[in-house]
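Since the structure comes first, as structure tokens, the remarks are kept for the end.
Nothing in this text is a laboratory measurement; each read-out follows from the coordinates by a stated rule. Please read all numbers here as calculations on a predicted model, not as lab measurements. Methodologically, a virtual Cβ is constructed for each residue, glycine included, from the backbone with ideal geometry; neighbour enumeration extends over all protein chains shown.
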Amino acid sequence: DPDDWKPMSTVGAGVKEIRVKDADGIYRVMYVAKFEEAVYVLHCFQKKTEQTSLKDIALAKKRFKELLQERLI
């Protein structure tokens, strides 16, 4: 696991968020790494407020749901 991360159970089971800081700002990457074949990046964005926006969470949740449906085919 990366040094600065947290689980994102609001998005889905096994989804994690990496937190990255640099001179230009703070960034987040939501991903899932529980499948053998790949690590799936669901969403990445620059953080501008303390709390992750509902829009960003909803987009990652939508992509995670689509990923799960695609894996069933």
List pairs: first in segment 27-53 and over 16 Å from P7 (Cβ atoms), second in a strand (DSSP E or B) and among the basic types (K, R), Cβ under 7 Å, 6+ apart or cross-chain?
-> Y27/K47; C44/R28; F45/R28; K47/R28
Could you list all residues from segment 40-56 that are over 12 Å from Y27 (Cα atoms) and either hydroxyl-bearing (S, T, Y) or touching a Ser or Thr at 6+ places or on another chain (Cβ under 6 Å) (or both)?
-> Y40, S53
Members of segment 1-33 that are closer than 20 Å to E50 by Cβ and of a type in the set (S, T, Y) = S9, T10, Y27
In segment 16-64, what residues are among the polar types (S, T, N, Q) and surrounded by 15 or more Cβ atoms within 10 Å (Cβ to Cβ)?
-> T52
Name the single residue, out of those in segment 12-34 being aliphatic (A, V, I, L, M) and touching a helix residue (DSSP H, G or I) at 6+ places or on another chain (Cβ under 8 Å), that is nearest to Q46 (Cα to Cα).
-> M30
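Hey, which of the strands (runs of 3 or more DSSP E) in segment 1-51, taking only ones fully inside, have at least 1 residues that are among the aliphatic types (A, V, I, L, M)?
Details: elements: 5-7, 15-22, 25-35, 38-47.
Here the list reads 15-22, 25-35, 38-47.
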